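Before I ask anything, here is the structure I am working with.
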Amino acid sequence: MLTRLRIQLALWLQLPKTIIFIRWFIRLTILVFIMDTGYLIGIWPQWQQYSAGPILQSSFIRSYIYLRHENKNWPDLKWKPVPISSISPNMVRALIIAEDARFYTHSGIDMDALQQAMEYNLSEQRIVYGASTISQQTVKNIFLSPSRNPLRKWHELLLTLGMEQHLSKRRILELYLNLAEFGRGIYGVEAAAQYYWGIPASRLTPSQAVQLAASLPAPVKHNPSSQTRFFKQRIKKISRYF
């Protein structure tokens with residue numbers, strides 16, 4: 001047995017380094033694939049729990065609750081999920097204009113927007129636009145983390161395709177509008193409408209809906225209270241198509 005191992009080691013050392021690298025790369029890739037498949041099987045949702053009924057806390061909301069114990073200056077969580085029938089149509093329209101104009105025609109991934117974003121990012125030599133659809137953002141909010149690693153994006157893609165197969169577009173909108181962040185600790189349009197204007201989401205005016213939609217790229221920094229320059233530019237851009 002020992003002699004056989006020595007022979008194998010000698011033969012291995014005689015191989016070109018490129019072949020050795022390729023072999024180890026293939027083995028590592030297979031190992032990662034097996035482990036990642038197991039992880040996906042473990043986190044794959046029971047979609048019927050999300051297709052109707054009460055809206056559950058997202059991973060981002062749970063993360064906020066946890067992190068608030070370490071950041072005592074953060075405000076209390078504000079979150080009050082409501083059915084989409086209790087959300088102003090103005091908010092739905094503003095959201096789609098701001099975040100995903102082809103929401104009703106794609107199957108979760110907007111390839112046209114993705115190509116445009118890639119071309120623009122390459123021209124700028126930095127990541128400016130991500131081209132994530134409302135469906136992708138919903139999946140990220142519910143199941144994933146803010147991490148930008150390649151595996152997380154791969155998980156997001158698969159979960160998005162799965163969600164689009166099992167949930168209606170109306171339900172996806174309902175989930176997103178109740179789970180999106182609109183300021184530090186403010187989740188969902190009902191909590192946002194109450195916090196910024198003291199009204200329910202059903203009474204949001206076109207102007208108020210546009211302001212909430214304008215805050216979505218970075219709601220902690222850009223929101224109806226901060227009124228930053230970037231925020232005002234976003235309002236003008238969305239209002240142009242409202």
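Quick note: the coordinates plus some simple rules give every number you see, no bench work behind them. Just so it is clear, the model here is predicted, and its values are computed rather than measured. Note that each Cβ is placed from the backbone with ideal geometry, even for glycine, and that neighbours are counted across all protein chains shown.
Give me the one-decimal nm value for the distance between modelled label points at N73 and R203, 7 Å along each residue's Cα-to-Cβ direction.
Placing both labels 7 Å beyond Cα along the Cβ direction yields 3.4 nm.
Right, next: Taking the mean number of other Cβ atoms within 10 Å as a proxy for protection, how do you rank 70-82, 92-104, 180-192 from highest to lowest?
Packing proxy ranking, top to bottom: 180-192, 92-104, 70-82.
Identify all lysines with a Cα-Cα distance to K221 below 30 Å; exclude those on the same chain that are fewer than 8 residues away in sequence.
Straight-line reach from K221, under 30 Å: K72, K78, K80, K140, K153, K169, K232, K236, K237.
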